[in-house]
Amino acid sequence: MIELQEIEKIYQAKREKVIGVDRVSLHVNKGEIYGIVGYSGAGKSTLLRCMNILERPTSGTVLVDGVNLLTLSPKALRTARQSIGMIFQGFYLVASKTVFENVAFALKAAGLSKDARKDRVVELLDLVGLSDKIDHYPAQLSGGQKQRVSIARALANNPKVLLCDEATSALDPSTTKSILALLKKINIELGITIAVITHEMEVVKEICHRCAVMQDGRIVEEGAVYDIFSNPKEELTKNFIQTVLQFSLPEKLLASCKGTLVKLQFRGKLAEEAIVSDMLQRFHVKGNILHGKVEYIQDAPLGIFIMEINGDQNEVERAITYLEERVKQVEVIQFGS
């Protein structure tokens, strides 16, 4: 649905050129939610704006539903953008217009009749859960409600693609969850392809099917979200994962542990099996779970545990070998004293 080929965006500063996006290629499949994550200055927002030519790339190709947007005339590009909705962190609602008028604005620009506009606005506000706010002004709405109006407006012309630029960054955690649930609902019920820009890995975990990690204008890692979480390759990706799956132990606790500390990662069905219990029954060792949790990513479980194993060294080594054969991903954090 969205294909970027060797996209480069260069800005001319006073005495030097600044590279915003550095020869990035990616493909967003039809009907998926694709996340692009990175810290401030990574180039992710610039890349997103290249998808609808709000930023015109210095070089490269932008294909949306098979159409190269960079070859279109200004008029044809305006028409093509009607199939690409966009929502922002700052909402960008017109303060002097009601919720109805803010959503209807895009429909009026598209040439719909007054009656058709009214029916479509009512339909959209029902979809985003704001039917009772139709005559309210933006100042009367919460941040989450403003973003729902923004989403309704972006959906006005039945777009095939929805671009989200840090759409939840200004919202509290509870409101963020409700907006992400709405985006997921829109993706499933309307089949709209969604590209999400964020610096929060929790957002990626919550709704994205695949994601790319950006740094210095480049994609450093890309893949299915479950694979990225369960087996990150790059140090930057590992740092992002750590913000969601926090497994650092206090130094005081580490110092008090006399046994061998191991970190276990259970993927898929393994997260539901009694592997640790079987190990403790099979070998003459004692186990103490120090930290653990099971996350669900795209409804698939990913379990990560840190445990202390005590006992005769030979038995401990046999127990760890058993875990390695069953779990595959076992890391010895600290050897027993």
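The values are calculated or read from the model by the stated rules, or taken from the named source; none is laboratory data. Because the structure is predicted, anything quoted here is derived from the model rather than measured. Heads up, the Cβs are rebuilt from the backbone with ideal geometry, glycines too, and the neighbour counts pull from every protein chain shown.
Of note:
- Among the residues of region 262-284, those identified as out of contact with any Pro (no Cβ under 9 Å at 6 or more places or on another chain), in a helix (DSSP H, G or I) and either surrounded by 14 or more Cβ atoms within 10 Å (Cβ to Cβ) or not assigned by TED's automatic domain parsing to the domain that holds Gln329 (or both) are Ile275, Val276, Met279, Leu280.
- Test: residue in region 311-319 that is at pLDDT 90 or above and assigned to a strand (DSSP E or B): yes
- Check on Gly191, closer than 20 Å to Glu6 by Cβ and either basic (Lys, Arg) or in the same structural domain as Ile7 (by TED's automatic domain parsing) (or both): no
- Close Cβ contacts (under 8 Å, 6 or more residues apart or on different chains) running from residues in region 209-234 that are of a type in the set (Phe, Trp, Tyr) to residues that are part of a loop (DSSP other than H, G, I, E, B) and modelled with pLDDT under 95 comprise Tyr226/Gln298; Phe229/Leu245.
- Residue list for region 246-287, filter: touching a residue at least 60 places away in the same chain (Cβ under 8 Å) and among the β-branched types (Val, Ile, Thr): Thr260, Val262
- Residues that are β-branched (Val, Ile, Thr) and in a loop (DSSP other than H, G, I, E, B) do not occur anywhere in region 174-191.
- Residue in region 45-53 that is over 17 Å from the mean Cα position of the chain (by Cα), at pLDDT 95 or above, part of a strand (DSSP E or B) and surrounded by fewer than 21 Cβ atoms within 10 Å (Cβ to Cβ) present: no
- Number of the exception - Lys258 against (1) surrounded by 15 or more Cβ atoms within 10 Å (Cβ to Cβ); (2) at pLDDT below 90: (1)
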